[in-house]
Structures are given as C-alpha cells and as structure tokens.
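Structure, as structure tokens:
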C-alpha cells in the first residue's frame, strides 16, 4: 500500500507538478462562469384591471427599472350608471400599437352634470345679453312659448316612461330601454327648468354689479365644463405602450399588453460571486435549453440581499440585445453567465478569496 502511494507521488512530481508550473509560467487562460436560473420578463407590461369597488385601474410596470409607474384610476361615484366595454376590433388582434383605443366607458351622472352645466351656461349668457341690452319683451314672449312647449313634451315623455316602467316590471323590455326612457324624461324636465329660469332672468331688473356677477358665473361654468369634458376624454382608454396582447382569464384583469421588443432577464447571484459582475457590463449567457449564446447588458444589481434556502443572493437584471430565439415572458431557464477568461493564478486566487 505504501509502495503504491509513493509511486503516485513520484508520478505526480515527475509529470503533474512540472505541467502545473508550465501552465502558470505561460499564463494559460481558463473560462469562468456563474450558474443560476433566469426568469424572462418583458421590457414593459401594461395591466388594465377592475378594482374591488368598481374602479378601472391602469398601470405600467417597467422591468428595466422595476418600477410601477403611470398608474391611473378612474373612480365612479356611488349610484351612477356606468358602462364599460372593450373595442370589438382588438379582440381579434394579436398585438397593439401605442395609442390604439382599447376601451370606452360611459358615466350617466357625468353626462347629466355636463348637460345641466351647459344649460345653465346658456341661461347665464342669455341673461347677460338681456340685462346688457334692455330689450326684454320679445325675449319674455319667446321664453313663455318655450315653457309651454317643454311642459307638453314632459307630459308626453311621462306617459312613455310610465308605460316603459310597466313593461320593465313585467320583463318585456331590457334595463337599457327603461333607462333610456327615464333619461329622456329627465332631459325634458331639465330643459323646462332652464326655460323657466331664463324667463325669470328676463323679468328681473339689472345693475352693473349684476352684470359683473354674471360674467364671473359664466367663466365658472366654462371652467367646470372644460374639466368635465376632459374627464370624459379620459373615459376613452388608449394603449400607452406597444406590445403583444396576453390572454388572461382572471375576473379582475381586463387586459394585459406585454412589450417584448426587448426582454429583461432576472437572475439571482450568490453574494460571494457578485464581485465578478458590474452594472453596464456586457455579458454572455448560455442556457441549457438553447444551443446559441445570448448577449446582454447588466442594467442593475440589487442593493439589498435576499436569503433563499439559506443562501444569500442579489438579483441581477440583464437586458438582452435581441430575441432571435423567441423567448417569451414567464419562462424559468437554468444556465450560466460566461465571465471573461482569467489566468490560472487568478482563477486559483478567486477560489480562496
């Protein structure tokens, strides 16, 4: 037994030791790599979802910076009738472009407020004209005729509404048809109130102070109408990014758009190996499921360590230069990060550092 051991020592001393010395002398370089698991993410993801209280929530997650930004919430008031529907043309599309209209919302209360404000604005403008010119009698006669007309319209609309309510209670017509009849009656009543207010304007006197108040009121109406019209424009939802439509069957998620023009790989790296990597560095990646190497850039290394199965790791995000292999978000792939070649002396030193 001792003779066998001494024979191995002699062979190593004659052949192995000189070979190691030669390798060190000639500074032969060897490859280094870091084994890890890569999670594939899109560069951006837009999620359109329904909140617990009926809100419509739009949010974008940027995987380059891992920040959820551009979050907007459309909140509807209690008691109002709200309609939401996706644009039918997008249901057959595989992808969307930035700015494509994807959904339209409708708020009954908002429309009522806007209609009422526009009516009050017309009354205020007419009042200003009447008080400024002083020519009231023709306007008074005109407003009386308008009131007679709108009162007759209300009587007719009320008859239609009562019939519609009976039919709705018997389930002969839909809720939408019943709501339409009710809304027409409300419109006629609002129009009548506007005409009555207009008549009172023409019957009253005027002062310079009154004219100034009217001008201020008109400016206030215009500002509020502009605000409401802007909110109505927000009810037309457009895609803030370009990307593929992700089909999801969640009851709360209405639409997901994923921008895969650039993929971001997230990989956990052992804390002991993180010194090999730096932000902004170009790297090569070899995946077990692919024969072709991937090239990318380290865009960020997390500044806080996490512990997984007793191992301390830092998450590294890598932006791929291209997606020729057609990787898709959600994949979990094992592989290696190929490091620059080092000499044997440097490699041995890294093992004991």
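Observations
- Scope the range 270-284; condition closer than 22 Å to residue 311 by Cα and surrounded by 13 or more Cβ atoms within 10 Å (Cβ to Cβ); matching residues: 270, 271, 273, 274, 276, 277
- With a requirement of 1 or more residues that are modelled with pLDDT under 80, in contact with a strand residue (DSSP E or B) (Cβ under 7 Å, 6 or more places away or on another chain) and within 23 Å of residue 62 (Cα to Cα), the strands (runs of 3 or more DSSP E) lying completely within the range 203-306 that satisfy it span 236-238.
- The residue of the range 79-103 that is modelled with the highest pLDDT, among those that are under 20 Å from residue 228 (Cβ atoms) and in contact with a strand residue (DSSP E or B) (Cβ under 7 Å, 6 or more places away or on another chain), is 103.
- Some residue of the range 118-127 being at pLDDT below 75 and more than 38 Å from the chain's Cα centre (by Cα): yes
- Count of residues meeting criterion [touching a helix residue (DSSP H, G or I) at 6+ places or on another chain (Cβ under 7 Å), free of Cβ contacts under 8 Å to residues at least 60 places away in the same chain and either within 16 Å of residue 156 (Cα to Cα) or in a loop (DSSP other than H, G, I, E, B) (or both)] in the range 171-202: 9
- Residue match in the range 65-78 (condition: crowded, with 17+ Cβ neighbours inside 10 Å, at pLDDT 80 or above and within 21 Å of the chain's Cα centre (by Cα)): no
The values are calculated or read from the model by the stated rules, or taken from the named source; none is laboratory data. None of the values given here were measured: they were computed from a predicted structure. Ideal geometry is used to build each Cβ from the backbone, glycine not excepted, and the neighbour counts take in all protein chains shown.
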